[in-house]
Amino acid sequence: MTSGASAAGRSAAAIGRLAAFVAAFLAIGIVGQVGVGVLFPSWAESLLVSTATTAVAATLAGIALLRLLDGRPAGALGIAWTRRTPAELGMGLGLGIAAIAAAVAALAAVGFLRYAPEPGTWAGWTAAIGRDFAVFAVAAYAEEAMFRGYGYQALVRGFGAVPATLFASGAFALAHAGNPNVGTFALLNIFVAGVLLSAAYLRTLSLWFATAVHLGWNWGMASLLDLPVSGITLFETPLYEPVMRGPEWITGGAFGPEAGIIGTLAFGGALLTTLKWRAVAPDPAMQALRPLVEDRWVRP
């Protein structure tokens, strides 16, 4: 009875914390968006400002609840800057870029993708990828703070890593359900991407590592390789233009590689690497902050 009651209590507490996170996130986000609209009306519709507002809201909500409900420092959210953080950022960025680069190389090898010349200059190319990096970095962190931040961490503590990851990855996929050219295969692949990013956080306790993996994939795909990212084609890279052909179930078609089997293989390879790469491990400095997930999850 005691064990069952304890488990039920943890589950109820986790659901309550998730609800509190969603409420706090929405409240802070709405205030932030209204504030931007009043103070800087010309910026209000900017993608960068919108994602930055989301990032701030998710972070502040997580920090506030960590302190008020759990008595833990802000860094326990996974955002502490430690001596290992630069290495985590580099490894994550490299992993994300390598995964999408391998997928594109495979498509090119079988003749499903080639690049044609396009007007432009190297100066324009450098400016474009630098601008895109900033936008994608903020967007990646915003999504990690939302889907692998406090709410997810509370669910891991209350229900365990597997149920929490399935729920969060499902929510992550549904958040992309309104994207252009989305389909069932695309949503399934984004669910797998959610599992990958959850594993990236759980293996390191670092939202920086998960953000870097996310950033490497999106920036590598949309900016360096000039392909649609989750159906979005707002980003244009000078000098070259992709020409895609072949079955959409393989290439992903207009949605981009995330909607094809090539995306499934790339995410699967990145997930396996995350789970097996010995360098992907928690920083003792991060563990010392007592993240919520350390209460329930034991790393293999």
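Of everything in the range 62-101, what is small (Gly, Ala, Ser), in contact with a Gly (Cβ under 8 Å, 6 or more places away or on another chain) and within 26 Å of Ile28 (Cβ to Cβ)? Give them in sequence order.
Gly62, Gly78
I'm trying to understand the selection: among the residues of the range 249-265, which are surrounded by fewer than 17 Cβ atoms within 10 Å (Cβ to Cβ) and closer than 10 Å to Val229 by Cα?
If the condition is that a residue be surrounded by fewer than 17 Cβ atoms within 10 Å (Cβ to Cβ) and closer than 10 Å to Val229 by Cα, then Ala254 is the only one that fits.
Of the residues in the range 156-167, how many are within 16 Å of the chain's Cα centre (by Cα) and of a type outside the set (Phe, Trp, Tyr)? Walk me through it before giving the result.
Pass one, the range 156-167, residues within 16 Å of the chain's Cα centre (by Cα): 164-167.
Imposing the further condition that a residue be of a type outside the set (Phe, Trp, Tyr) reduces the set to 164-166.
Here the count works out to 3.
For the range 17-46, which residues satisfy the criterion of being farther than 16 Å from Ile63 by Cα and modelled with pLDDT of 90 or more? Lay out the reasoning, then the answer.
Of the residues in the range 17-46, the ones farther than 16 Å from Ile63 by Cα are 30-46.
Across the range 17-46, the qualifying residues are Ile30, Val31.
Consider His176 against the criteria (1) in a helix (DSSP H, G or I); (2) open to solvent by less than 60 Å² (accessible area, probe 1.4 Å): it satisfies all of them except one. Which criterion is unmet?
Every condition holds for His176 apart from (1).
Of these, Arg10, Arg17, which one is open to solvent by 60 Å² or more (accessible area, probe 1.4 Å), touching a residue at least 24 places away in the same chain (Cβ under 8 Å) and assigned to a helix (DSSP H, G or I)?
On the way: Arg17 fails: open to solvent by 60 Å² or more (accessible area, probe 1.4 Å).
Sole residue among the options that is open to solvent by 60 Å² or more (accessible area, probe 1.4 Å), touching a residue at least 24 places away in the same chain (Cβ under 8 Å) and assigned to a helix (DSSP H, G or I): Arg10.
Which of the residues belonging to the range 239-248 are open to solvent by less than 50 Å² (accessible area, probe 1.4 Å) and touching a Lys or Arg at 6+ places or on another chain (Cβ under 7 Å)?
none
Residue-wise test of (1) over 22 Å from Ile250 (Cβ atoms); (2) within 10 Å of the chain's Cα centre (by Cα); (3) touching a residue at least 40 places away in the same chain (Cβ under 8 Å).
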{"site": "Arg148", "(1), (2), (3)": "yes, yes, yes"}
{"site": "Ala154", "(1), (2), (3)": "yes, no, yes"}
{"site": "Gly170", "(1), (2), (3)": "yes, no, no"}
{"site": "Ala199", "(1), (2), (3)": "yes, no, yes"}
{"site": "Leu205", "(1), (2), (3)": "yes, no, yes"}
{"site": "Thr211", "(1), (2), (3)": "yes, yes, yes"}
{"site": "Met221", "(1), (2), (3)": "no, no, yes"}
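Quick one: which of Val38, Val49 is exposed (fewer than 15 other Cβ atoms within 10 Å of the Cβ) and of a type in the set (A, V, I, L, M, F, W, C)? It would help to see each step written out before you state the result.
Details: Val49 fails: exposed (fewer than 15 other Cβ atoms within 10 Å of the Cβ).
One residue alone meets the criteria, Val38.
Does the range 188-202 hold any residues that are surrounded by fewer than 24 Cβ atoms within 10 Å (Cβ to Cβ) and more than 18 Å from Met146 (Cα to Cα), and which are they?
Hit for the range 188-202 is Leu188, nothing else.
Looking at the range 230-238, can you tell me whether even one residue there is open to solvent by less than 40 Å² (accessible area, probe 1.4 Å), more than 17 Å from the chain's Cα centre (by Cα), over 27 Å from Ser206 (Cα atoms) and of a type outside the set (Val, Ile, Thr)?
If we filter the range 230-238 for residues that are open to solvent by less than 40 Å² (accessible area, probe 1.4 Å), which is where we start, we get 230-231, 235, 237-238.
Checking which are more than 17 Å from the chain's Cα centre (by Cα) leaves us with 235, 237-238.
Those left that are additionally over 27 Å from Ser206 (Cα atoms): 235, 237-238.
With the extra rule that they be of a type outside the set (Val, Ile, Thr), the set shrinks to 235, 238.
Within the range 230-238, one or more residues are open to solvent by less than 40 Å² (accessible area, probe 1.4 Å), more than 17 Å from the chain's Cα centre (by Cα), over 27 Å from Ser206 (Cα atoms) and of a type outside the set (Val, Ile, Thr).
Exactly one condition in (1) surrounded by 16 or more Cβ atoms within 10 Å (Cβ to Cβ); (2) touching a residue at least 24 places away in the same chain (Cβ under 8 Å) is false for Gln33; which is it?
Unmet condition: (2).
Can you find a residue in the range 38-47 that is in a helix (DSSP H, G or I), hydrophobic (A, V, I, L, M, F, W, C) and farther than 27 Å from Leu234 by Cα?
The initial filter retains those residues of the range 38-47 that are in a helix (DSSP H, G or I), namely 38-39, 47.
Applying the additional criterion that residues be hydrophobic (A, V, I, L, M, F, W, C) yields 38-39, 47.
Narrowing further to those that are farther than 27 Å from Leu234 by Cα: none.
Looking through the range 38-47, none of the residues is in a helix (DSSP H, G or I), hydrophobic (A, V, I, L, M, F, W, C) and farther than 27 Å from Leu234 by Cα.
When you scan the range 231-248, do you find a residue that is β-branched (Val, Ile, Thr), at pLDDT 95 or above and not in a loop (DSSP other than H, G, I, E, B), even just one?
yes
The values are calculated or read from the model by the stated rules, or taken from the named source; none is laboratory data. The model shown is predicted, which means the values in this text are computed figures rather than measured ones. With ideal geometry, Cβ positions are generated from the backbone for all residues, glycine too; neighbour counts draw on all protein chains shown. The protein model used for the area step is the full one, side chains on, heavy atoms only, and it has no ligands, DNA or RNA in it. Shrake-Rupley method; radii C 1.70, N 1.55, O 1.52, S 1.80 Å.
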